[in-house]
Each structure stands twice: as structure tokens, then as C-alpha cells.
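Novice: Sharing a structure, written as C-alpha cells. Questions coming.
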Amino acid sequence: MAAADVRDMLDLPAEGQPRPHKKQKVVEKRPEGITRELFALLGERAPPIAINENRYKGRPKWMSKLRVRPWRMAPFTNEARSDDLVLQHWQRQVEPTKPALEGPEAEREERNQEEGAAHSSDQEYLFAKYSIKARVPRRYTDEEYNRHLKSDEWSRQETDYLMDLVEEYDLRWMVIADRYDFQPHPVDAETNITALVPAKQVRTMEHMKARYYFVAASMLALEHPPSEMSEAEFDLHEKMMKFDPERERARKELAALQLNRTADEVREEGILLEELKRITANEQNFIAERRELYSRLEVPISVGNTTMYQSSQGLSQLLQTLLQADKSKKRRSILGPEGAAPSPAAQTPAPNAGARDSRGDTPSNVPVAPTNKKAVAAAAANKEAQQNFRTLSPSEETKYGVQHHDRLAPGVQFRSDRAQKLTQAKSNVQTQKLAAALAELEVPLRLVMPTERVCKEFEKLIHSVNLLLDARKVAEKVESEIRVLEAAKQERERKAKEAREKEKPEVKTEQEDNPVPAANVTSEPTRGAALPSTDGHAETAGGHTGEATAREGTSHKRSASVLSNTSEKSTKRPKKGALHVA
Amino acid sequence: MNPSIPPSTAEYGGDEVSAIVLDPGFSTTRAGFAGEDTPKSLIPTYYGKYTSEGQEKLIFSDDVFVTPRPGLSVHNPMGRDGIVEDWDMAEKVWEYSFTSRLTGPKPGNPFQNGLNDVVDGELPTEMEGVEIEEKPLADSPLLMSECGWNPTKAREKTIEIAMEKWGTPAFYLARNGVLAAFASGKASALVVDVGASSISVTPVHDGMILKRGVQHSPLGGDYISSQIRALFKINTPQPITITPHYLVYSKTAVDAGQPSQAKYKSIPPEKAPDASYRTLLEERTLSEFKECVVQVWPGPNKLSATSPSGSLNEEVAKSSPGRPFEFPDGYNQVFGLDRYRVVESLFDAKAAIPDSESPFPPPTQAQTVPELIKNALNGVDVDIRPHLLANVVVTGASSLLHGFTDRLNQELMQTYPGPRVRISAPGNTAERKFGSWIGGSILASLGTFHQMWISKKEYEEHGPTIVEKRCK
């Protein structure tokens, strides 16, 4: 069975790729050590055993053309040295320019090369260039010293000694201060008698530096007066003149203190540094967050003319275009790239286009969308597909954070603001009462964590508190009415009693029964109001009806407002269109 | 190329002139060719002396240890403070160190070596022009090392020997602290060198020692040996006597703590070697003991103090498993806490094991390593102290004691909690043992170094005093 048949059976394309083994079919050459018969027995494929001869791996061909460049021990001198010390090192012979010659000529060539090598080593020692000395100022003459550099603290000898050291150790002050050991030479006998032998004083590095800088700066100034100095020179001069040994000493003392801190101090500093780092990081975070917030609040305000959207017609048109844009977007994403791309500009207005542009575009958008037949068909299919979308169950909606909004106010607003607004009643007194009620319930006026659910619950709570307040108001009203009526009754009874006293005196007990039902009436609304706050919004209406007997008039008003609320909702419902996914 | 820019790291700055590097120490003398990574010739500085057939004979190198010849006494030309005491013998030992392995022995006197024997009857040919003796180092520059407190006289004597006796064409004398710093790739460092005879702390700045900061104390490897001996004397199951291998004929295995059952060789007193020979061989056993058993309490805090967690350090040390050691005579024992105690006095002078017979006086606190470092730092300018602390180089064979660098690190961190303390101690044993030799090998094979040599010409011009001027 050929491979073609298998391909046929498996529905594979006829000839996917060229078969590799055909290409490889190259007649292999028979290696030398094997007879023809044996090689024939081996068959088509080469055996996995490598047949090779035992011989050394040869050099690459190009190598044999090169000439060996021998290394030889060559003497060299170092220019950095003052004496002519000759040391020996291995050196590669210089590459000859001409090809090798035969016989005595080659020998001569060799000698030439040797000379050449010696010559090249003579030229310059490779490392001599690294021998550098620090630049120190020109040494002063006697006259210069006496005129400019005299000092009470430093004798000429000691200054010389210092300058020598500086030169010797290339301005390494650490070493200079370490090696400084000035022994004043025995001065002439005469001066010795007259002059006091200065007590050998300990020179600190600062003293030495101060003296050296003074000398160096003076020498610099002698060479070029400060007015003629170049900028670099002037800087140097200034720096050297301004060297303050006292300050340097104080700095070193501080450095020593810093070095010898105790472990506690170090730990404290570490903690403080950590704290500082934390604070700055927090501040950075805060600033970044605030900036982000501001950038969010600053919605791109549409500068375009909005008059065309102010009529309901204009609005509906806008809605239409938006819906259209939405649909086309969806379709595109479903159909993928091959799904007939109608002019992309018409599909979705470019996001970076300004408000005016989009306004200009949108009206023309509507008819443009389906340009060819295929697109129309696709749109139909898309519609079907859209209908096939399964609707989410309430639990799923909460799960995915899908929310339906009745009406969306334009612009960005905070959820907590909405909750906040509820606590503001129309009258000031009412607001205060509301606040008092919330305080009693230990619910903060401003929500700590205004999540969706908390806001909803808060809304409910406020609602019930309002109800409660209303109920209380009614109750108070009723109570006062009762009191008035009672007072009137008492008055009446008193009058009657007075009238009756003259006739019969037993009616007096009836008078004390009356307050009990009144108390019942006052307590009932509170219970009724407390109930809905736990049960929820839907039951408030029931609560209303339950206690309706007590306060017919007000509840009417109340229920009417509720009704109006619901009616409002019902009227708004058809408008609900946009699907918001949180 | 700008000459003021130093060669980049990738650039090879070497230029080998087949210089010989000689690093003489108290215990061993190291010699080898510059540019190599370990000394080719490593011989003990000790030499043996005995009389045979009325002639005084000398034994150098490891041969010292081998045969207990009658009357063989062992000497060391170096003093305990690292300064040469016996110049004649020092010269011979040093010469042996490079002639035995590196340059070959010097050719004998051509009159006597048999090659020029005159056939009788013929008159000797013109021999006046021939140099009588070829110098052993005639064609190799020599770099020698010295301790940081080497006096001027000793330095001048050294160059005199090198130039006049050995005939080296070029010579340089470098401080071993500087060389050890170079070996770990630093031009500025605080070098802590724990050798056989002494501990030295050398501040190095830009390749030069700061003389006022150089500190040294005698608490080296030999001091630790003396502490071990003191410990053996008061050892609990029974005092331990070290019997060197050459006195043991055969040994049988015994349990830990049991007295040994070895057969000893009996050497009649007239044939016995000197007591110094026995001490030297005991020392070899002790260094084995130091390598296998002795451990430095790694800290934190001293061995006698409590750890930060509140437990006694000694208790913690006791609870760690001990280390067994078998002596040449078969006696063996597990060493627990004691193995820490013998070296504790390197850090805490009070912890020294008292021994009235020890040649070492009881150490003072100023001789301990942390104090030495503290004093060394106080001797240098405050500006470079933090830098030195960040570049502490530990070298010397005795610093190979287990846990030494950990403890040193702990001590330094405690003394200097502020600056960053960083110890660089090569993990490779050879690099630690031959630190200063390796530094010398690097230095003498640098192309830029060849301008520093003191040439023969300069020596002849200025005399030995040139060494003070040039080798700063």
C-alpha cells in the first residue's frame, strides 16, 4: 500500500511535503577497506559503525601556508627607568613580509628579523607609558621663599621636607601623613645658641595639607597672577587658598564619631531611614493616586454644540447611532476579519477624534453600515446570534457584576454621593431627625464602604427611617388630637357631671379607661414601622395598610407618594436599554 | 592611548621576566617563578645541624623531618617576631629554597669540580679571567618579601645578600602585607596575616603600608600549639603526651580514652637527636591536630559569654558533636568543648589556658586579633577606616582554622556596627597559605613593575641604603 493510498484514506492533502528519503538517496562511495562483495551485503543504508582509518587529524590547509613565528627570549630596556637595566622577556618574532627564502639568503633574512625585533623593542617599552608622576608645583627659590612663603610655624627645612614627601608619594596624603617624620637638622652652632630649638611638634595631615596648599597656591600665583589665570587654574588656586584645616579637623572628628557609633545608634538610624523611606513612598503613592483620581474626574468635556441633542428627536437619533455603532462593533468581533469590512471609519468613530468630529460623523453613520450583500447577510445572522444570547439569571448577574441601570445621569458620580443625598431631606428639621435616627442605630451618616450592596441596604434603611419618622409624626398628631379630644371630652363630661351631679354621680370610672387604647395606638405605628426596615421595601405597603386605620389621612398621602414612585418607575422602564457591566 | 588611564581589566598587563619571588616566613620559606600561581619550592625555614665525622653538616628542606640522626638539632634563622636573627643561616636556607628547585645548584668551583682537572705535566691554562664562582641568581631578578616592621638594617642586609652573594641583576623588597592585598586584587586593604610565629595587621593604602597602623602580636600558630600542649597537660581522662611518629615502632588500636598500647623505638641517649628535633616533630602532629580538630567558636559573642538567644555559648559548643583524633601512638579521644578553648584566647585573652611551662607569656587583651585591628585602624586616618573595614583580607596558614573568618567577622561587626565590614578570605587553601607569595608573583610579572626594580647598577652606585629610598 503506497503512502498515497493512506493519505487518500485519511483525507490528507495529496502531497503535503516532498518526501525526505527520496532526496537522501545518494549512492554512497565504497570505503576503501571493504571489499565490493561485503559492501553489497551491507545494503542500501550505511551501517551505524563508523569505518575510518586510523590516522592523525591533519592540519587545516591554510595553516601549512603560515610560517611559524617563534618566540624568543629578547632583552629589553625600560624607558621609565633612569638606568639601563636590561631584562629578558619572551617576545614573538616579527612577521616577515617576504616569503621564506632558501639557503644563505634565508639566514640573512633571519638575522635582519632579529635586528628588527631588537629594534622594535628598542623603540618603546609597552608599559613605559604608564609611568606617570603627579604634577607638583615648581620648587621655590630662596628669594621666593623669603618673600612669600615664610611662616612662623614652618621652617624652611620642614617645608622642603614636606615638598619632598609630597613629590615622592604623589600627593597621597594618607601615606605622606603616615611617613612624615621630620628630624630638624642640627642647625649652625651660632643660631643654635640664639634661636630656640623648636619642640618637635606633631603635624597632622591637615597641617601638612594647609601648608602645602598655601605653598602651591602661592607658587601658582607667582607664575600667573590671578588675573591672568585660566579658569581651571583659578579654580584650583581658589580651592587651595580656601583650605581650612580647622574645618577639616572638625569634619574628621565627626567622621570618627560616625564610625564609632554603637549598635543601638546604628539600629535607630536604620529604623529612621526605613521610616523615611516608607513615608516618602506613601507620599508618592498618595500623589499618584490623587492624580489618577483627578484625571478620572476630568472627563473630556464636549466642547461641541449640544443643542441638537436637546430635543427628544435629537436624543433618539443619537441613541440610534450609538446602538448602530454598538451592533457593528459586535458583528465585527464575531465575524472576524474576513467578515466584509465596511469602511472602517464608518464602523467606529476613531476614538481620538474630537467630539465635534463624532457629531459630524454620526448622522451619516446610520445608512452607511451595510455596504454589500454579504454584510447584510452577516448582519441578519448576527441578529439571530444576538437573540440566541442566553439571559443571565439574577445570581449569575451578581456573580459577574452585571447591573441594569434605570437611568444614568451624565458624567461621573460617586455611588456614595447617591446614598448621601438620601440623608438630606427637604426640610432641615427632617434632616436632623434622620441623622438622629441613624445615630441611634449607630450607622454612620457617611458610609464607610459604599459598595453596591451596602448602598442598596442603606437606601432601604433610609427609606424605612423615613417611614418611621412619618409614622411618628402621624402618631404624634393623632395623640395630640386624642388629647384635645379628651380634653374636650373631659370638659364635656365635667360639664355633664356638673349637670349630672345634680342628678347621679357614678359615671366617674369610665373616664380612666380611655388612655389605654390611646397608648396602644401610639405604640402600634412604631412596631409597624420597624417591621419594614427589616423586611424590605416591598412590604412597606403592607405595613401601611396594616396601620392604615390609625392614620387614614396621612397614609393616604404616603401611599400616594409610593404609588407615584412606582408609576415613575414603570414609566421609566421602557427607556432602560443600555446594559452596563461593572 | 592616554597613558594616564590605567589598563582596563581585560587588558593583560603582564610581562614576565622570569623573576624569582622569595617569601621567607618563620615556619616555611616559599620560592617560585613570578607569574605562576603557587610557589614551586616550599621548604621549612627550620634546618638541621649535626656533626658527623668531625664535620658540621646541615640539613635543609623536608629532609629535616626524616632521619633522627644522633645529635641532630633543629634551628630557625628567623626570630619569633619575623625578623632574621641568624643572617648566615638565613642566607643559606633562602638560597637552598630557590637553588633546589628553581635555578639549580650553583656550579662548583671549576678548579675542583673535576672537569678542569689538569692532566699532570701540563700547566694550568689562563684561569684568571674566568669568574671563580657563578652567582646562583645571575640571570633572575629577585623579589623578596618582608614583614611590615622590618628594621632598616635588616632590609639593607637583605639587599646586600641578594646583590653580592646571589648576584641578582635586579632586586625589590616588598612588604608581605601589600603582597597579600595584591593577591586578593586590592590596592587598599586591611591585611590580617595569621602566621606561625605572629599575627600581623597591616593597613595598606594604594599599595603602600601605613606604618603607624601596623600591628603584630605573637599569638600565631605556634602559640596555638602551646595552648594545645597546655590543654593536653590538663586533659581529663589522662594527660596526653605527644609521641612523634619516629619514636613509635608499632601501634595497636585502642578505644577512645584508653591508654595507648604502642611499642616504642628505643634510641640510646648517645644516638638520640636533640630535644629540638622532637619538638619540631611534635609540632607536626600538633599542626595535624589543628587542621583536623581545632575550631574557632564562630560567635556571636565570646565562648564564655551568652549568645543573643540567652543560652550559654559553652553549652551550645558542648552539645555540638566532638571530633576524634588519634595520636601517633594510637591513643585517641573525642574533643568536644576543648577544641574551641585552645584558640579562644586569640579573641579573648582571658580564655587562655594557663601553662607555666609554656614559652609564651599569657596573652594580653591588646594582643588579640580584634584589638590589633582596632589599634591598626586607630593608627590610620579616619577617612580610610571604613574603606579598610570593607576590605579586610585574611591570609596566612593559621587563618585556616575552622571558623576563624566567621568569628573575625562577628567580632568586627560588634566593634564596628556602623560601617560595612567585609572580609575577603580565599577559600582555596593554597591561596590562603601562600597569599603573600602569590601577590609577589603577580607584582613581579607586571609590565609596569619593571621600572621599580633596584638594578645592580643602582645598587653599586648608592649602596644598600637605596632599599629605603626605593622600596617604600
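The values are calculated or read from the model by the stated rules, or taken from the named source; none is laboratory data. This is a predicted model, so every value here is computed, not measured. Neighbour counts are summed over all protein chains in view; Cβ atoms, including those assigned to glycine, are modelled from backbone coordinates with ideal geometry. Side chains are part of the model used for accessible areas, which takes the heavy atoms of the whole protein and leaves out ligands, DNA and RNA. Shrake-Rupley method; radii C 1.70, N 1.55, O 1.52, S 1.80 Å.
Novice: How many of the residues in segment B:148-187 are within 13 Å of chain A (Cβ to nearest Cβ), β-branched (Val, Ile, Thr) and either over 21 Å from the mean Cα position of the chain (by Cα) or surrounded by fewer than 24 Cβ atoms within 10 Å (Cβ to Cβ) (or both)?
Specialist: Residues that pass the stated criteria total 2.
Novice: Further question on the same structure: Any residue at all in segment A:413-425 that is in contact (Cβ under 8 Å) with a residue 12 or more places away in the chain, open to solvent by less than 80 Å² (accessible area, probe 1.4 Å), assigned to a helix (DSSP H, G or I) and among the aliphatic types (A, V, I, L, M)?
Specialist: yes
Novice: Filter segment A:251-285 down to the residues that are among the small types (Gly, Ala, Ser) and loosely packed, with under 12 Cβ neighbours inside 10 Å, then identify the one that is farthest from the other protein chains (Cβ to nearest Cβ).
Specialist: By that ranking, first place goes to A:Ala281.
Novice: Out of the residues in segment B:366-415 meeting the condition of being in contact with an Asp or Glu (Cβ under 6 Å, 6 or more places away or on another chain) and over 29 Å from A:Arg249 (Cα atoms), tell me which one is nearest to the other protein chains (Cβ to nearest Cβ).
Specialist: B:Thr395
Novice: Here is a follow-up. How many residues, within segment A:120-146, are in contact with a helix residue (DSSP H, G or I) (Cβ under 7 Å, 6 or more places away or on another chain) and either in contact (Cβ under 8 Å) with a residue 24 or more places away in the chain or part of a helix (DSSP H, G or I) (or both)?
Specialist: 10
Novice: Same structure, new question: Looking only at residues in segment A:129-180 that are within 15 Å of A:Ala210 (Cα to Cα) and polar (S, T, N, Q), which one is least open to solvent (accessible area, probe 1.4 Å)?
Specialist: Looking at residues that are within 15 Å of A:Ala210 (Cα to Cα) and polar (S, T, N, Q), I get A:Thr159.
Novice: Residues of segment B:405-420 being in contact with a strand residue (DSSP E or B) (Cβ under 8 Å, 6 or more places away or on another chain), crowded, with 20+ Cβ neighbours inside 10 Å and of a type outside the set (Ser, Thr, Tyr), which ones?
Specialist: B:Leu408, B:Leu412
Novice: Going by what's in this entry, would B:Ser276 be described as open to solvent by less than 60 Å² (accessible area, probe 1.4 Å) and in contact (Cβ under 8 Å) with a residue 12 or more places away in the chain?
Specialist: Yes.
Novice: Could you run through segment A:441-467 and say how many residues are open to solvent by 60 Å² or more (accessible area, probe 1.4 Å), aliphatic (A, V, I, L, M) and under 19 Å from A:Thr431 (Cα atoms)?
Specialist: So the answer is 2.
Novice: Here is a check on your reading of the model: is A:Glu228 without any contact (Cβ under 8 Å) to a residue 12 or more places away in the chain and in the same structural domain as A:Ile176 (by the TED database)?
Specialist: For A:Glu228, the condition - without any contact (Cβ under 8 Å) to a residue 12 or more places away in the chain and in the same structural domain as A:Ile176 (by the TED database) - is met.
Novice: Quick test for you: out of B:Pro386, B:Pro361, pick the one residue that is open to solvent by 20 Å² or more (accessible area, probe 1.4 Å) and outside any helix (DSSP H, G or I).
Specialist: B:Pro361
Novice: With a cut-off of at least 3 residues that are more than 14 Å from chain B (Cβ to nearest Cβ), out of contact with any Lys or Arg (no Cβ under 9 Å at 6 or more places or on another chain) and modelled with pLDDT of 85 or more, name the helices (runs of 4 or more DSSP H) lying wholly within segment A:173-226.
Specialist: A:205-223
Novice: Within segment B:427-472, can you find the residues that are polar (S, T, N, Q), more than 11 Å from chain A (Cβ to nearest Cβ), surrounded by fewer than 23 Cβ atoms within 10 Å (Cβ to Cβ) and assigned to a helix (DSSP H, G or I)?
Specialist: The answer is B:Thr429, and nothing else.
Novice: Exactly one of these conditions fails for B:Arg212: (1) away from chain A (no Cβ under 14 Å); (2) over 20 Å from B:Glu357 (Cβ atoms). Give me its number.
Specialist: It is condition (1) that B:Arg212 fails.
Novice: Here's another thing I want to ask about it. Against the conditions (1) within 14 Å of chain A (Cβ to nearest Cβ); (2) in a loop (DSSP other than H, G, I, E, B); (3) within 29 Å of the chain's Cα centre (by Cα), where does B:Pro308 fall short? Just the number, please.
Specialist: It fails just one condition, (3).
Novice: Six or more apart or on different chains, Cβ atoms under 7 Å: show the pairs whose first residue is in segment A:147-171 and assigned by the TED database to the domain that holds A:Val215 and whose second is aromatic (Phe, Trp, Tyr) and surrounded by 14 or more Cβ atoms within 10 Å (Cβ to Cβ).
Specialist: Qualifying pairs under 7 Å: A:Leu149/A:Tyr140; A:Arg156/A:Tyr145; A:Glu158/A:Phe182; A:Tyr161/A:Phe182; A:Leu162/A:Tyr212; A:Leu165/A:Tyr180; A:Val166/A:Tyr212.
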